[in-house]
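Student: To start, I am sharing the structure in question, which I have written as structure tokens.
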Amino acid sequence: MRAHLLYLVLLLPACGSKPTATGPTAGVDAHAWVVGTWTTSTTSWADAAKSGEATRFGKDGVIEHGAWAGGKFVAAPSAGPSGPSFVARYALDPKTHTISFQLDGAEEQATYVVEAPDRWKTISSDAEHVTVFYARRE
């Protein structure tokens with residue numbers, strides 16, 4: 001189950017409003033490449049490029065789940081145990097090439113690999129090593 005926590009970031013929508021809680025931020029100055037909207041897949045970059053599942057990484061460290069529809073990101077309604085007040089976050093550590101996802105009730109870390117400006121992947125740090133492929137949309 002722990003392996004699927006990383007993939008949960010794709011399924012657990014975050015609140016679209018401004019964050020109310022404090023927490024680590026993405027440090028965008030050093031890692032601006034991650035900011036924007038990406039479509040995702042657990043099978044390949046080609047599938048990620050065609051996917052309707054989307055994740056938007058904000059420069060403030062907020063992450064949102066939604067869909068890629070009609071050439072734009074459509075945020076999903078908030079959900080999770082904490083309700084709409086919870087804001088999902090991410091943080092990058094370029095020294096160790098890890099990304100940390102703070103989800104509602106869970107925190108997951110994964111190794112990230114940037115393949116090109118329009119694609120990257122994460123590999124979860126647990127025993128199952130779930131890989132998520134990201135293809136840039138905007």
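Student: Select, from 93, 47, 60, the only residue that is modelled with pLDDT of 90 or more, open to solvent by 40 Å² or more (accessible area, probe 1.4 Å) and closer than 16 Å to residue 111 by Cα.
Tutor: Answer to the check: 93.
Student: Scan segment 96-115 residue by residue and report those that are hydrophobic (A, V, I, L, M, F, W, C) and open to solvent by 30 Å² or more (accessible area, probe 1.4 Å).
Tutor: 113, 114
Student: Identify, by number, the condition in (1) closer than 24 Å to residue 31 by Cα; (2) open to solvent by 60 Å² or more (accessible area, probe 1.4 Å); (3) in contact with a Lys or Arg (Cβ under 8 Å, 6 or more places away or on another chain) that residue 128 doesn't meet.
Tutor: So the condition that residue 128 fails would be (1).
Student: Considering only segment 77-99, how many residues are touching a residue at least 60 places away in the same chain (Cβ under 8 Å) and either over 15 Å from the mean Cα position of the chain (by Cα) or more than 21 Å from residue 124 (Cβ to Cβ) (or both)?
Tutor: Count: 9.
The values are calculated or read from the model by the stated rules, or taken from the named source; none is laboratory data. Since we're looking at a predicted model, the values are computed, not measured. When we count neighbours, we look across all protein chains shown, and the Cβ atoms used for this are built from the backbone with ideal geometry, even at glycine. Protein only, heavy atoms only, side chains kept; ligands, DNA and RNA dropped before computing areas. Shrake-Rupley method; radii C 1.70, N 1.55, O 1.52, S 1.80 Å.
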